[in-house]
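The values are calculated or read from the model by the stated rules, or taken from the named source; none is laboratory data. Since the model is a prediction, treat every value here as computed from it, not as a measurement. Note: ideal-geometry Cβ built from the backbone for every residue, glycine included; neighbour counts use all protein chains shown.
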Amino acid sequence: MIAAWYDRQGPAAEVLQVGKLPTAEPGRGEVRVRLTLSGASPGDMKKREGWLGSSMAFPRIVPHSDGAGVIEAVGRGADQARVGRRVWVYGAQSYRAFGTAAQTTVVPEALAVGLPDSVSDEMGACFGIPGITAHRAVFADGPVRGQTVLVHGVRGSVSSLAAQLARWAGATVIGTVRTDAEAGQVDPATADGVVSLQSDPVSAIRRLVPDGVDRVVDVALSANVDLDAAVVRNGAVLAVYASLKDRPELPFWPMLFNNVTIRLLGSDDFPQAAKDAAAHDLTDAAAQAALSIPVAEVFPLERIAAAHELIESGRARGRVLVALP
């Protein structure tokens, strides 16, 4: 098969290679998926770069955990009837060497989720890491119907899906953006209200929700925690999947008196039951046309380094995909 890989960590253009590798056979309980598209995420960049001093988990890595395609073979114990069916894939390179930046990938059967005919491969390849993280952020502490959910950075990959999933589940969603100019760029289907962090966001949120928000989905805890503490109701949940500083300071007493729960989210290590629930809901919501995921660009596999560089530049306005030959 044709694949991309790296044998050492470093800049994309220096370490990523494209060539031929042996096609793996699925083992017990596994399926082999012939991929049409591979979804690249910031986490893939961090693994390749050795973020926070991390080392190579395997001697050779085929990057990317997300993708979409068709099951072409199954191992012992897997459902033979699934051969030929469209699926979206997640976790392919989570604690595994060979991800989705290849013509085929082998994963445990549960990580290949049936893709309805009404849902495109492009959308399926975008679910994975951002979708499962978004789902956990919204639903880890129970249903949100009738609640108000504040979603920071609502134009981002994870945050946009969190907002859409929360609305799909019956919540009112307030999204934040960094600048006044971005406020008008949020799809009305994504959030019920949009607040700019440039213009007194506490007052703006309190005008929309005088009693405070029930949940917060936060992409930058160290930057937003004072705002969060000022707009939550008693008993609120603060779900966090990233922080600009690794040791953020907290307004302890205001959060304590509001009985705030802080939930930290590391997507690779969610319980499998949570991943299964996320996969089910993401697929259902997409089949109901409740989700929209912008794609910034689709790169051919031979230009995978350019795809990584676009993500690292911060200029991508949507997901970045790699098309398999």
(message) Looking at the structure I just gave you, is Ser243 over 26 Å from Gly170 (Cβ atoms), in a loop (DSSP other than H, G, I, E, B) and among the polar types (S, T, N, Q)?
(response) yes
(message) Can you tell me which of (1) touching a Gly at 6+ places or on another chain (Cβ under 8 Å); (2) surrounded by fewer than 14 Cβ atoms within 10 Å (Cβ to Cβ) is the one Leu35 doesn't meet?
(response) (2)
(message) Given the condition part of a helix (DSSP H, G or I) and over 27 Å from Asp187 (Cα atoms), answer yes or no: does some residue in the stretch 277-296 qualify?
(response) no
(request) Have a look at Ala112, Ala125, Ala97 and point out the one that is in contact (Cβ under 8 Å) with a residue 40 or more places away in the chain and in contact with a Leu (Cβ under 7 Å, 6 or more places away or on another chain). (result) Ala125
(message) Out of the helices (runs of 4 or more DSSP H) lying entirely within the stretch 102-184, which hold 2 or more residues that are crowded, with 22+ Cβ neighbours inside 10 Å and touching a helix residue (DSSP H, G or I) at 6+ places or on another chain (Cβ under 9 Å)?
(response) 121-139, 157-168
(message) Against the definition (hydrophobic (A, V, I, L, M, F, W, C), crowded, with 21+ Cβ neighbours inside 10 Å and over 15 Å from Leu321 (Cα atoms)), how does Leu52 come out, yes or no?
(response) no
(request) Return the pairs, sorted by first residue and then second, in which the second residue is of a type in the set (Lys, Arg) and loosely packed, with under 15 Cβ neighbours inside 10 Å, the first residue lies in the stretch 205-216 and is in contact (Cβ under 8 Å) with a residue 40 or more places away in the chain, the beta carbons are less than 7 Å apart, and the residues are 6+ apart or on different chains. (result) none
(message) Can you find a residue that is surrounded by fewer than 15 Cβ atoms within 10 Å (Cβ to Cβ) and either over 23 Å from Gln103 (Cα atoms) or modelled with pLDDT of 95 or more (or both) anywhere in the stretch 305-312?
(response) no
